[in-house]
Structure formats: C-alpha cells, structure tokens
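S.K.: Below is one structure. I have some questions about it.
Just so it is clear, none of the values below were taken in a lab; they were calculated from the coordinates. All figures in this text were calculated on a predicted structure; none of them were measured in a lab. Cβ sites come from the backbone with ideal geometry, for glycine too, and all protein chains shown count toward neighbours.
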Amino acid sequence: MPSSSHEALHRIFQKDPALLTRALQSVLRIPFPEPREFAAMNVDLTEIEPVERRVDTLLRAETDEGDYLLVVESQGDIDKRKRGSWPYYLGYLHEKYHCEPVLIVITQSHATARWAAEPIHLGVRGCPSLTVRPFVLGPDNVPVIVDEREAERDVPLAVLSAMTHGRGPQAAAILENLATALRTIDPDSAAVFVQFVDSCLADRQAQQMWRDLMTAIQYFWRHPLAEQVRGEGGEEGREEGRAEGWAAAILRTFQRRQIDVPDSVRDRILASTDLDELGTWFDRSHEVADARELFTEGS
C-alpha cells in the first residue's frame, strides 16, 4: 500500500506539471525543451496477461521537438525489482505511444537516490543491449530554499524543497519561509501544497512545527487535514485553534532565531485571541532583535 509521502512526492507534479520541467532543466541540468501543453495520462501499463504494472505519475509533454512521456516514480526505499520494471515501463510506453519516455525518480533518501541513479544495463556485461539511466531528484540535488523571496518566486519548488529536506537540519528555516510564501498564491492550491508537505514530514518535531505554522493560516482550515489536527470543536474551537497556532508560530520563530522571550512577553502572546494582532506579531517576530519590540508600533 503506497504511503502518504509516496503519493505526495509524485502528485505534486500532477498539481504543477511545469515544476517537473523546471526540475529537469534547473536541478538536473537536462536540456529538456519547453512544453507548450501537458496532459495527464493513464498510469496503468497492464497488458492482457494478468500482471499489473502501474507507474506513479505519467504526463505527456508537447514540445516543439515532439512529444515526451514523463514517467515519475516515487521511491521510498531501495527496491531491486525496479531494475526490471523501469526498463519495461519505458519500452512499453515507447511502443504504445511512439513518444520518447523520460524516467524521473523522486526520493527523500540519500541512499535510495544513489541506488536509483545507477544505470540499468541489460544484456552482455560490458556491452549491454539496453541501458536505462534514471534521472533522480532527491536531497543531494533538490535546492534547499531558506530565503523568503526565493520561496515566493517559485512556490511549487519551495514545496518540493520542504518535502525533500523536511528531516534535515534546515527544516525549520525551509518551513517558515514556505509558510510565508504560501500566502502569495491562491488558497486552494496552498491547501493542497500544505497537505503534500505534511505527508512528507517524517520527523515528528518538524511535522508539529509545520502544523503549528499552518494552524495560524486561514486557508489551512479549508483542507481535511485541519479536521485531524484540531478535532471537533465548531467555529469557537476553530478560532481558538487559530490563535493558539499563531502564538506557537511566534514563539517558535523566536526560538529558531535564538531570541530570549521574557515571561511577560510569552504570557501576552499566549493570552491574545485577536487573530489580526497575532498575525502582525508573527510578521514582526522575523524582524525584531528583542522580543519586547514585538508590541512596539513600527518595529
């Protein structure tokens, strides 16, 4: 049964197919032509024989150089069976659609990335009849986006960065800047990206930090994940949860910036139920040098 992180790692490219092109061009340095149009395709590659073969995501990219089939495989761990199924996928798709297939593997694991990147040789040793070279996106090459402006310039890539590096030492900075960047896009897309990131955060501390950040943002409550986080409580519970989320996000920001928070400041933050006020304080928490400046107008 595919895990939620498995699904999120490839479905982000269904949500934003152009991100896959940017990843090929900018991250993997592959001179992939700019697509005019994308089309989602049936991922079922099963033939008449009762052997089910299914890729994770399959996109058709129409370019000036012809059509390409982008095969995205989300890989959690090393699976030696893929050394046989991946060549089959490419051969089958080329024969069926008469398009050039491109295999992209996405993973959160350094070891899995190294394994997946190894060429697959079929035939005589040293003189193979077929060689498959998967393109791999993972923690070794997906950019670590810790700059707010960079995150805002390409929100889907910032989401992919959080999904890939969510268990690393820079997770806090990645997540905080992504949370800010998500405010710049439409709420429905943001809600989907929120779920993708949450699904991929294996580190419990990072996941709790993400949920604290997201609790403070209105669009988060549009997604079913919010029901899991806040439970039942109606509108009153919803408002209370948002206030608690803002307060937690402010205190975590100070903690990450290694700024001491006096008890009086902490108590005032935790006591506030004014969402506008808390939102203003959250913005200031990224800028002030002293926690007491949080409440000063113009800080």
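S.K.: Using the Cα centre of the chain as the reference point, and only Cβ charges (+1 on K/R, -1 on D/E), how large is the resulting charge dipole? Debye, rounded to the nearest 20. Show your work: numbers first, answer last.
M.R.: Details: 33 positive and 49 negative charges, 264 e Å.
I would put it at about 1260 debye.
S.K.: Taking the Cα atoms only, what angle lies between the long axis of helix 275-285 and the longest principal axis of the chain, rounded to 10 degrees?
M.R.: 80
S.K.: Does region 4-137 classify as rounded, prolate or oblate by the C-alpha gyration tensor (a ≥ b ≥ c root eigenvalues; a/c under 1.5 gives rounded; else a/b over b/c gives prolate, otherwise oblate)? Before the final figure, lay out each step's value.
M.R.: On the way: a/c = 1.28, a/b = 1.17, b/c = 1.10.
Rounded.
S.K.: Using just the helices of the chain, give the 222 nm mean residue ellipticity in deg cm²/dmol: DSSP H runs with n ≥ 4 each add -39,500 (n - 2.57), and the total is spread over all residues, rounded to 500. Present the calculation step by step, with values, prior to reporting the outcome.
M.R.: Working: 13 runs with 145 residues, N = 299.
Value at 222 nm, helices only, nearest 500: -14500 deg cm²/dmol.
S.K.: A further question on this structure: Hey, got the dipole for region 4-137? About the Cα centre, +1 on K and R Cβ, -1 on D and E Cβ, debye to the nearest 20?
M.R.: Working: 16 positive and 19 negative charges, 113 e Å.
Charge dipole of region 4-137: 540 debye, to the nearest 20.
S.K.: With axes computed from alpha carbons, what is the tilt in degrees of helix 171-181 against the longest principal axis of the chain, rounded to the nearest 10 within 0 to 90?
M.R.: 80
S.K.: Additional query: Rounded to the nearest 10 degrees, what's the angle between the helix 155-165 long axis and the longest principal axis of the chain, both from Cα atoms, 0 to 90?
M.R.: Computed tilt is about 80 degrees.
S.K.: Here is a further query. Would you please put 191-199, 276-284 in order of how densely packed they are, using the mean number of other Cβ atoms within 10 angstrom per residue and starting with the highest?
M.R.: Working: 191-199: 22.0, 276-284: 17.1.
By packing density, highest mean first, the sequence is 191-199, 276-284.
S.K.: Report Rg/Rh for the chain, rounded to two decimals, where Rg is the Cα radius of gyration and Rh the Kirkwood radius.
M.R.: On the way: Rg = 22.3 Å, Rh = 21.1 Å.
My calculation puts Rg/Rh at 1.05.
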